[in-house]
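Reading through the structure tokens given below for one structure.
Rule-based calculations on the coordinates, nothing more; no lab input. The model shown is predicted, which means the values in this text are computed figures rather than measured ones.
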Amino acid sequence: MVKYFMNKQLLILSISVTILILNALCTSGCESAKYANMTPGEKLYNRKCSSCHRLKSPVEYSDEEWIEYVHEYGRRTSETKKQLIIDYLQKANDPIIADPNNTLATVVLHSATPTD
Ligand code: HEC
């Protein structure tokens, strides 16, 4: 009985440890996978602008509107970061590379700015 109890405790302990490890791996692994191919501006846009509503597609607004909205909704974001977000949105709303999900724009921008 004592032996059984010990094993059960050990089992629970090892399951908890496994869950903790997997969790830690996923937090860093999943996040870097999601952001891996993004420019700093796109990354910031995803991080800072998706907490209250879904991300608006860059093509939904013009260059001027983005300046206005990033300043309006990014009040708690530094000027430098806001500028990176604006730069990203203004590139990504280019009608030539626009498509409904903006996947193409993202791909084109990534290959166009390898150093970003
Ligand atoms: C603190 C919550 C919050 C965050 C963070 C936030 N927004 Fe919003 N956003 C809102 C709300 C609320 C609305 C709807 C406002 C309304 O309809 O009056 C909105 C609407 C918008 C709109 C639609 C135009 C409008 O004014 O209705 C745009 C564009 C927008 N947000 C861009 C952004 C961008 C860019 C960021 C990141 C810099 C951002 N938001 C971050 C709360 C937020």
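Of note:
- Residue-by-residue Karplus 3J(HN,Hα) for the stretch 42-48, coefficients 6.51, -1.76, 1.60, Hz, glycine and proline x: 5, 4, 4, 4, 5, 6, 8
- Maximal additional length on extending the E68-K56 stretch stands at 2.9 nm, based on 0.36 nm per residue less the C-alpha distance.
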